[in-house]
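Undergrad: Have a look at the structure that comes next, please.
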Amino acid sequence: MRVEDMDNGYKIFVHNLYFSSIDWHDKIEIENSIREVLTLVCNHYKIALSGFYRIKIFPHKVGIFMEILQIDDESYDGCEVDFRIVVVFNQEMYLKLDDYDYFLEYDKLYFDNYYYINLNEVDDYLKVSDFGEIVSSDNIDFGKSLFIFGKKNKT
């Protein structure tokens, strides 16, 4: 598990080890699974949620990525929590890095002073998760200022 604190919410990665496979087309199963995952994360990291949140879920081969954004907290009492869950399929996920020295074996994109590694290339996300920030492709505007770096050839 990994939790990143944001101004108005959290980014959370939960490895497949923490939950059984989810039928992403069954609304009730998604709600129950996300409730279980959030309970686990909140208990482990001592996070108290209160208010209305939008949860964007990005299913991935290594686990699930969640962006939890608080929309409203004034209309809710103490421990009341309400969610709007949005499941985003076929979204490219990237590891955003300041430096790529430890990641020579991966193809990298360079944009706006950061390097990006597509997480589809990473076999074990947990080994690289502490080196950068998780971002989805809808949060990146690569535009025209994009450079592509290939894998470093080993001689």
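Undergrad: Counting only protein heavy atoms and a 1.4 Å probe, tell me what percentage of the chain's accessible area is made up of carbon and sulfur.
TA: On the chain, the fraction of accessible area on carbon and sulfur atoms equals 46 percent.
Undergrad: Apply 1/(1 + (r/R0)^6) to the Cβ-Cβ distance of Lys27 and Glu121, taking R0 = 30 Å, and write down the FRET efficiency to the nearest 0.05.
TA: Values: r = 32 Å, r/R0 = 1.05.
Computed FRET efficiency for Lys27 and Glu121: 0.40.
Undergrad: Take His15, project a point 7 Å from its Cα along the Cβ direction, then tell me which residues of the range 35-55 have their backbone nitrogen under 17 Å from it.
TA: What the label zone holds, given the 17 Å backbone N cut-off, is 37, 40-41, 44-45.
Undergrad: Sticking with this structure for a sec: Taking the 0 to 90 degree range and rounding to the nearest ten, how far is the long axis of helix 27-45 tilted relative to the main principal axis of the chain, both from C-alpha atoms?
TA: Rounded to the nearest ten degrees, it is 80.
Undergrad: OK, next. Quick check for you: which residues of the range 25-61 have the amide N under 13 Å from the point 7 Å beyond the Cα of Glu80 toward its beta carbon?
TA: Output list for this probe position: 50-53.
Undergrad: Do any chymotrypsin sites (Phe, Trp or Tyr not before Pro) in the range 1-92 lie in a DSSP loop with no more than 16 other beta carbon atoms within 10 Å, and if so, which?
TA: For chymotrypsin sites (Phe, Trp or Tyr not before Pro) across the range 1-92 that sit outside H, G, I, E and B with at most 16 neighbouring Cβ atoms in 10 Å, the list reads Phe19, Trp24, Tyr76, Phe89.
Undergrad: Separate question: Pull up the DSSP beta bridges for the chain and report the antiparallel fraction as a percent, rounded to 5. Before the final figure, lay out the partial values.
TA: Working: 35 of 42 bridges.
Antiparallel bridges make up about 85 percent of those DSSP assigns within the chain.
Undergrad: Further question: Test of the criteria: in the range 4-70, which trypsin sites (Lys or Arg not before Pro) are in a DSSP loop and have at most 14 other Cβ atoms within 10 angstrom of their Cβ?
TA: Lys46, Lys61
Undergrad: Give me the percent of Cα-Cα pairs in the chain that sit more than 27 Å apart, rounded to a whole number. Write down the numbers at each step before the final one.
TA: Numbers: 3476 of 11935 pairs.
That tail contains 29 percent of the Cα-Cα pairs.
The values are calculated or read from the model by the stated rules, or taken from the named source; none is laboratory data. Owing to the predicted nature of the structure, the values given are computational and were not obtained by experimental measurement. Here the Cβ is made from the backbone with ideal geometry for all residues, glycine too, and neighbour counts use every protein chain on show. The area values use the complete protein model at the heavy-atom level, side chains included, leaving out ligands, DNA and RNA. Shrake-Rupley method; radii C 1.70, N 1.55, O 1.52, S 1.80 Å.
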